[in-house]
1. Among 94-100, 139-145, 151-157, 449-455, how do they line up from the highest to the lowest mean number of other beta-carbon atoms within 10 Å?
2. Students often forget the sequence filter, so: which lysines lie under 30 Å Cα-Cα from residue 416 once same-chain residues fewer than 8 apart are removed?
3. Antiparallel versus total DSSP beta bridges in the chain: what percent is that, nearest 5?
4. I need the peptides 130-137, 107-114, 477-484, 25-32 ranked by packing, meaning the mean over residues of other C-beta atoms within 10 angstrom, with the highest value on top.
5. Please give the helix 125-135 orientation as an angle from the longest Cα principal axis of the chain, in degrees from 0 to 90, rounded to the nearest 10.
6. Across 5 Å bins from 0, what is the distribution of all Cα-Cα pair distances for segment 99-153, in whole percents?
7. Mind checking which lysines have their Cα closer than 28 Å to the Cα of residue 500? Skip sequence neighbours fewer than 8 apart in that chain.
8. Calculate for the chain the 222 nm mean residue ellipticity that helices alone would give, adding -39,500 (n - 2.57) per DSSP H run of length 4 or more and normalising by residue count, nearest 500 deg cm²/dmol.
Amino acid sequence: MSISPISPSASLEKHSMTHTLSETSTIVIGGGFSGLSTACYLADAGVDVTILERQDTLGGVAGRIERSGFQFDTGPSWYLMPDVFERFFNELGYDPTEYYSLTRLDPNYRVFWKDGDTAILPADREGQRELFEQYESGAGAALDTYLEQAADAYEIGMEEFVYKHRPRFRDWVDPGLLRAARGITLVGSMDDHIASYFDSAKLRQLLEYTLVFLGGSPYNTPALYSLMSHVDFNMGVYYPRGGIASVVDSIATIAHELGVNIETNTPVTGLSRAHSDTGVRVQTSADTHIADRVVSTVPVAHTDRELLSDGVSDHDGSYWESRTYAPGAFLLYLGVEGKLDSLEHHTLILPTDWQSHFESIFDDPTWPTDPSYYVNVPSQTDSTVAPDGHSTVVILVPIAPGLDDSDAIRERYREKVLTDLAVHTGIDLRDRIVVEETACTSEFAAMGYPDGTALGLAHTLTQTGPFRPAHRSDAVSRLYHAGSFTDPGIGMPMCLINGKHVASAVVRDIKNDRATSRISSVSSVVSQAFGFD
């Protein structure tokens, strides 16, 4: 069943107690990972689904730039947690290997410290132990112990906290959960937790840098997220040929095969209750639609502030003002001449003391004076993303959301970062750039991300699990929230799982409403038969 524009006299009589899931129309706003996942799971359950995507391509922040033979992933570039992607495809009856090919990277990445030191993290455990021993006697054995704990945290965290959705506080008061989590450090900061295993600041950095993927710092992220070390060291780092965009394309193909209708270049401008709360009215730039259910995967703050009508929201302004947002990002997309032999597919450039950079993000928002940053060179692995004799480079500097990013500021910081890169890696790109684009807080703010955060809500202790915005809207019946602002949170794998949680809630509510309608109908018939009316 398609979703068509309505006229003022349109009727909702078709939504009777006899309708099936296939007769239930659901609009998903946003075609990023969460939106695609939600749509796929809903369609697989038999729901009629339409995705409305404001941009001309799918992926959300995981978009692509193609210019002069260069291809850039605009957002995520680390393919981690392959088990989550495989589980997503398999649950829908597909095999990811039939849609895109993966290469396991070795080494995982390279680090340049600004004191002149450099380290390469190999993919194998023995090489990892040897690297750690170079920095601290006994650190190889400590790494084994730490990663055993991290593997337990991953297994318990994923099965008990992520795949098993616990949206209410009472869901966490579960004796089984407490038994499963015994021995796992859940609270306390990651920095304190890792410091109990290693004295070397550089080794701690190697184990903590992945927290940026969660939008946090080692000083405000709970120790439970040591599970990210298992993801990095034990599970490995992968690259999908064609970049993350190839994964988006693959999931979009599956969505089409499942019957999802996808409309791009269709920005949603408003949401409101439909007639007698029996649906949700969706206003786009061109039409008005009514759907039985609507899932908004755009940032919840944007839905509250910009899409819902005045006086209707799930969270007021003070709520959003009190949140801790994940970092924004200053991004350089560079097509350059020549090869970059000293840079790996993933390279980190770090000060030996990076605390001041995190303070400039979370405590005293300002452009960092001595930045930590990440350089992605996918052409080291994939020759298809750059012309012959050239390299594709993306530089990402985490910054505080909400910073002024005028053209003049961007140009000054561009020069600062490229100079810093030349000094600390020996790679000077400035005279080799043939294609260049930038993105910063303004671009993310234009996509609805508050203050231009590039990720969403940081995974602090008070913004984890049930502390994140709920999936079901309290303000508008039959409206749901999905995406990185909701549980389980930030990152492509989490958004795939998020889509399953939200789709399950929608299907459960449809069935409950249908059952209630049947009971009400039977009750009415009985009442009339016995003259109770």
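Values in this text are rule-based calculations from the coordinates and carry no lab data. What you see is a predicted model; the values in this text were computed from it and never measured. Here the Cβ positions follow ideal geometry from the backbone for every residue, glycine too, while neighbour counts run over all protein chains shown.
1. 449-455, 151-157, 139-145, 94-100
2. The qualifying lysines are 114, 202, 339.
3. About 70 percent, rounded to the nearest 5.
4. 25-32, 477-484, 107-114, 130-137
5. Helix 125-135 sits at roughly 50 degrees to that axis.
6. Computed distribution, short to long bins: 4, 17, 20, 22, 19, 10, 5, 2, 1, 0.
7. List returned: 14, 164, 511.
8. Helices in the chain give a 222 nm mean residue ellipticity of -9500 deg cm²/dmol.
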